[in-house]
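Down below is the structure, laid out as structure tokens.
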Amino acid sequence: MKISFIGGGAMGEAILSAVLQKGLCKSDEVALSDISDERRRYIAEKYGVFVTGVNRQAAEKAEVVLFAIKPQSLSGVLPGLVGQLKPSQLVLSIIAGARIGTLRNGLKHARIVRVMPNTPAQIGEGMSVWTTTPEVTEQQKHWAASILAAMGREIYVDDEKYIDMATAVSGSGPAYVFLFIESLVAAAVNIGLSADVAHELVLQTLLGSGHLLRKSGKTPEELRKMVTSPGGTTAAALARFEKGNFSGLVKEAVIAAYNRAKELGGG
């Protein structure tokens, strides 16, 4: 599979590293463009791939053209590529908020995959949700799924509206988890634990709980009830969460993120 990367930032590099490690392509089958001379030198030295400052040059021989630029850069990139892609090439975009219609019209191109990844993809533990235009072939869907699976888990959805929903849950979700970790560590320090001990207790508790949920086959509700004894310490803590409307706040936060995702995409 020949892949070109338009943009060599952190997420683009994460995908590049993953596809090379998984053997989806070889270094001589990859081209990458970036506006930064320093970034191009770094990528070339670390991965041994062809680099250029010209997007059109990076894209011309690829089967998959992967857009990994920042949303604010899109308007400057599209004019240089409009009409330059072959109809058979697959465009795979991880640009936050960039709708398929924007890419289709801006590139005058039909075969497009839109993806909502999240930051754990940088360590191979990501969650990517993706959809395609009708023109994308089964072979190209396989390519897309393989690329995304190299970074973690992937889910295909048949309507672009689900991308905004995924943005509010898995896309923004790591920040929710990090906020909870910050708050729990601060609370642990407040009752007398050292910061180092508090951090280790909280981090391993969250990691272990996630793995238990994945491997046990039980629902979150079942596991919560298993660890909650009537009148015990956990019950006392959960009662305070309920009094503060924890579930309601989570729902409001996700709705706020979802509405903002739709606004950013022009929906």
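Yes or no, residue by residue, for (1) surrounded by 12 or more Cβ atoms within 10 Å (Cβ to Cβ); (2) under 30 Å from Gly97 (Cβ atoms); (3) hydroxyl-bearing (Ser, Thr, Tyr); (4) in contact with a strand residue (DSSP E or B) (Cβ under 7 Å, 6 or more places away or on another chain):
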| residue | (1), (2), (3), (4) |
| --- | --- |
| Gly210 | no, yes, no, no |
| Leu213 | yes, no, no, no |
| Arg224 | yes, no, no, no |
| Pro230 | no, no, no, no |
| Ala236 | no, no, no, no |
| Ala239 | no, no, no, no |
| Lys243 | no, no, no, no |
| Ser247 | no, yes, yes, no |
| Ile255 | no, yes, no, no |
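Checked against (1) surrounded by fewer than 13 Cβ atoms within 10 Å (Cβ to Cβ); (2) part of a loop (DSSP other than H, G, I, E, B); (3) modelled with pLDDT of 95 or more, Gly83 passes all but condition (3). Across the range 2-16, the qualifying residues are those that are of a type outside the set (Lys, Arg) and surrounded by fewer than 18 Cβ atoms within 10 Å (Cβ to Cβ), and the one among them that is farthest from the chain's Cα centre (by Cα) is Gly9. Of all residues in the range 218-238, those that are under 17 Å from Thr205 (Cα atoms) have Cβ atoms under 6 Å from Cβ atoms of residues that are open to solvent by 60 Å² or more (accessible area, probe 1.4 Å), 6 or more apart or on another chain, in Thr234/Val227. Count of the range 110-132 residues, restricted to those that are surrounded by fewer than 18 Cβ atoms within 10 Å (Cβ to Cβ) and assigned to a loop (DSSP other than H, G, I, E, B), is 3.
Filtered by the rule that a residue be without any contact (Cβ under 8 Å) to a residue 40 or more places away in the chain and on the phi < 0 side of the Ramachandran plot, the range 20-35 gives Leu20, Cys25, Lys26, Ser27, Asp28, Glu29, Val30, Ala31, Leu32, Ser33, Asp34, Ile35.
Given the criterion modelled with pLDDT under 95 and either closer than 16 Å to Ser93 by Cβ or of a type in the set (Gly, Ala, Ser) (or both), identify the matching residue among Ala144, Ala121, Ala149.
Details: Ala144 fails: modelled with pLDDT under 95; Ala149 fails: modelled with pLDDT under 95.
None of the others qualify; the one that does is Ala121.
Taken over the range 39-62, residues that are touching a residue at least 12 places away in the same chain (Cβ under 8 Å), of a type in the set (D, E, K, R) and open to solvent by 70 Å² or more (accessible area, probe 1.4 Å) amount to 3.
Each row is one residue, and each column tells you yes or no for (1) of a type outside the set (Asp, Glu); (2) touching a residue at least 24 places away in the same chain (Cβ under 8 Å).
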| residue | (1), (2) |
| --- | --- |
| Ala18 | yes, yes |
| Asp37 | no, no |
| Leu66 | yes, yes |
| Gln72 | yes, no |
| Leu90 | yes, yes |
| Gly101 | yes, no |
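Consider the range 186-206 and keep the residues that are among the aliphatic types (A, V, I, L, M) and within 26 Å of the chain's Cα centre (by Cα). The one that is least open to solvent (accessible area, probe 1.4 Å) is Val202.
Take the residues of the range 154-183 that are among the acidic types (Asp, Glu) and in a loop (DSSP other than H, G, I, E, B): which is least open to solvent (accessible area, probe 1.4 Å)? Among those residues, the one meeting the criterion is Glu160.
Of the residues that sit in the range 90-109 and are in a loop (DSSP other than H, G, I, E, B) and open to solvent by 30 Å² or more (accessible area, probe 1.4 Å), which one is farthest from Gln140 (Cα to Cα)? Per the stated criteria, the residue is Ala96. Examine the range 140-153 for a residue that is in a strand (DSSP E or B) and either open to solvent by 20 Å² or more (accessible area, probe 1.4 Å) or at negative phi (or both), and state whether such a residue exists. Yes, because at least one residue in the range 140-153 is in a strand (DSSP E or B) and either open to solvent by 20 Å² or more (accessible area, probe 1.4 Å) or at negative phi (or both).
The values are calculated or read from the model by the stated rules, or taken from the named source; none is laboratory data. If you're wondering where the values come from, they're calculated on a predicted model, not measured in any experiment. Note: ideal-geometry Cβ built from the backbone for every residue, glycine included; neighbour counts use all protein chains shown. For accessibility, only protein heavy atoms count, side chains too; no ligands or nucleic acids. Shrake-Rupley method; radii C 1.70, N 1.55, O 1.52, S 1.80 Å.
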